[in-house]
Amino acid sequence: KNNKKPGKATAEITFSGGYAGKVKKTFTIRPAGTRIKKTTALPGGFTVTWAKKTAQTSGYQVQYSLDANFKGSSTHSRFAKKASETAKAVKKLEAGKTYYVRIRTYKTEKAGGKSGRVFSAWSSPVRAETA
């Protein structure tokens with residue numbers, strides 16, 4: 001009940017009929033994801049533009065890497081900390097390289113006096129060229 005917002009939620013099942021007992025399960029509701037619309041090359045970097053998701057979203061995490069599997073030391077992230085943002089420039093990169101870029105949304109939630117982020121799934125990666 002009332003399990004609509006991103007974050008931790010609980011469902012309780014009460015058995016009936018010839019069965020007795022209750023079971024409580026806790027799970028995470030993730031916010032809706034977004035997708036990358038386009039990437040634009042910049043001198044020594046690129047700009048990534050995405051579809052805006054303001055409902056149940058606090059911001060976005062953009063991840064980029066030289067590795068298509070997003071492994072290793074060439075993988076880095078940038079955060080757009082407002083749900084209304086739709087683009088992020090990534091600079092100070094090596095010119096003439098191909099980077100792989102993906103994005104996910106997040107919702108900041110408070111639980112037990114602590115603030116944390118609940119992330120959506122990653123978008124499909126796209127290629128971004130640097131000029």
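Here are the numbers:
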item	result
Unmet requirement for H76, which otherwise passes all of (1) open to solvent by less than 40 Å² (accessible area, probe 1.4 Å); (2) under 30 Å from Y99 (Cα atoms)	(1)
Residue count for region 64-84, restricted to those that are in a loop (DSSP other than H, G, I, E, B), under 17 Å from the mean Cα position of the chain (by Cα) and not charged (D, E, K, R)	5
Selection count where residues are within 13 Å of Y64 (Cβ to Cβ) and in a strand (DSSP E or B), scope region 85-103	9
Residue within region 4-20 that is within 24 Å of P125 (Cβ to Cβ) and surrounded by fewer than 16 Cβ atoms within 10 Å (Cβ to Cβ) present	no
Residue within region 43-53 that is surrounded by fewer than 17 Cβ atoms within 10 Å (Cβ to Cβ) and out of contact with any Ser or Thr (no Cβ under 7 Å at 6 or more places or on another chain) present	yes
Count of region 12-63 residues which are under 23 Å from the mean Cα position of the chain (by Cα) and in a strand (DSSP E or B)	21
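This table checks each residue for (1) touching a residue at least 40 places away in the same chain (Cβ under 8 Å); (2) closer than 30 Å to E12 by Cα; (3) among the aliphatic types (A, V, I, L, M).
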| site | (1), (2), (3) |
| --- | --- |
| G44 | yes, no, no |
| A55 | no, yes, yes |
| S58 | yes, yes, no |
| V90 | yes, no, yes |
| A95 | yes, no, yes |
| A128 | yes, no, yes |
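The values are calculated or read from the model by the stated rules, or taken from the named source; none is laboratory data. A quick note: this is a predicted structure, and the numbers were derived from the prediction, not measured. All Cβ positions, even for glycine, are placed from backbone atoms using ideal geometry, and neighbour counts span all protein chains on display. The area values use the complete protein model at the heavy-atom level, side chains included, leaving out ligands, DNA and RNA. Shrake-Rupley method; radii C 1.70, N 1.55, O 1.52, S 1.80 Å.
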